[in-house]
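The values are calculated or read from the model by the stated rules, or taken from the named source; none is laboratory data. Since this is a predicted model, take the numbers as computed values, not measurements. Methodologically, a virtual Cβ is constructed for each residue, glycine included, from the backbone with ideal geometry; neighbour enumeration extends over all protein chains shown. Areas reflect the complete protein model, heavy atoms only, side chains present, ligands, DNA and RNA absent. Shrake-Rupley method; radii C 1.70, N 1.55, O 1.52, S 1.80 Å.
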Amino acid sequence: MLILLNKQAILNRLPNAIHIDIFDEIGSTNDYLNTFTPKNQTPRVCLAEKQTKGKGQFDRTWQSPAHHNLYFSLLFPTSTPIHQLSGLSLMAGLSTARAIEETLKTDHKFLIKWPNDILFEGQKIAGILIESQFSNGLTQLVIGIGINVNMQQANSMDIDQAWSSLQTISGYYIDRNILCASLIRHLFADLAHFTQKNGLSSFMNEWQTRDYLFGKPVKNGIAAGINIQGQLLIG
Ligand code: BTN
């Protein structure tokens with residue numbers, strides 16, 4: 001089965017319209033949105049069926065084979081100063097985990113390995129790459145999220161860490177349009193809280209319920225949660 005990405009199918013599930021660009025193939029959905037200058041003050045989503053230069057954290061490549069997964073970027077301009085945005089990538093991880101659970105209609109908790117790998121039973125399901133530019137008093141965030149949706153081990157290229165996909169976990173094909181709409185809804189609700197209230201403060205309790213590393217040995221000790229800036233605490 002293959003259900004292509006479809007703008008109207010996504011918009012039908014959203015309370016408000018948003019600009020969505022969908023490409024069959026692109027270098028990187030983050031790079032595309034990075035070309036918009038901070039003069040463009042409205043949010044915008046970019047999706048692609050395939051990325052040829054998908055970017056991961058630490059200059060890694062994000063393997064992006066056609067049709068199986070969600071390659072999603074959200075351009076979000078905000079007047080919130082950049083120093084108040086620390087921890088935003090953790091918030092995006094929480095939004096992503098909730099959107100996944102809502103789409104799968106599961107009570108099973110998806111955990112987050114600090115700072116923002118979404119895991120299921122220790123295997124990576126999704127990753128987040130946030131980039132930002134600042135000019136004329138406006139921070140232009142690009143929140144890039146890659147989710148392994150219907151990818152099977154046979155479709156995968158060389159992925160150098162343990163991973164799984166939503167289809168493998170649930171046993172059924174997932175419509176990426178439904179997942180994408182859920183992701184947009186959760187991100188917008190969370191971004192409103194984060195930018196208009198107190199950053200991560202209203203997300204600390206949820207973080208504790210999804211903190212994969214808590215109590216586990218890390219580089220300099222034992223992971224002991226996060227502080228309000230989203231930094232990892234070591235006990
Ligand atoms: C990670 O290394 O875990 C972060 C992966 C982020 C991948 C997404 S896919 C959509 C967006 N476009 C990119 O080039 N990267 C992000």
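Numbers for the structure displayed
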read-out: Approximate spin-label separation ASP21-LEU2, in nm, with each point projected 7 Å along Cα-to-Cβ; value: 2.4 nm
read-out: Lysines with Cα under 20 Å of LYS7, excluding same-chain neighbours fewer than 8 positions away; value: LYS50
read-out: The stretch 50-75 and the stretch 89-149: distance between their alpha carbon centers, rounded to Å; value: 13 Å
read-out: Solvent-accessible ranking of ARG60, ARG98, largest area first, probe 1.4 Å; value: ARG60, ARG98
read-out: Peptide ranges 175-187, 211-223, 105-117 listed from the most packed, as the mean C-beta count within 10 angstrom indicates; value: 175-187, 105-117, 211-223
read-out: GNM flexibility winner over the chain from LEU129, LEU14, LEU94 (Cα, springs under 10 Å); value: LEU14
read-out: The stretch 43-179 - percent of accessible surface contributed by carbon and sulfur, probe 1.4 Å; value: 49 percent
read-out: Full-stretch length increase - THR61, LYS219 - with 0.36 nm per residue and alpha-carbon distance subtracted; value: 54.5 nm
read-out: Reachable aspartates and glutamates from LYS216, criterion Cα separation under 15 angstrom, eight or more residues apart if same chain; value: GLU121
read-out: Over the chain, relative contact order from alpha-carbon pairs under 8 Å, at least 6 apart, %; value: 21 percent
read-out: Mean Cβ neighbour count within 10 Å, used as a protection proxy, ranking 20-26, 63-69 highest first; value: 63-69, 20-26
read-out: Of THR78, THR35, THR96, the one that fluctuates the most in a GNM where the chain has Cα springs shorter than 10 Å; value: THR35
read-out: Chain lengthening between LYS53 and LEU232 when straightened (0.36 nm per residue, less Cα-Cα); value: 61.4 nm
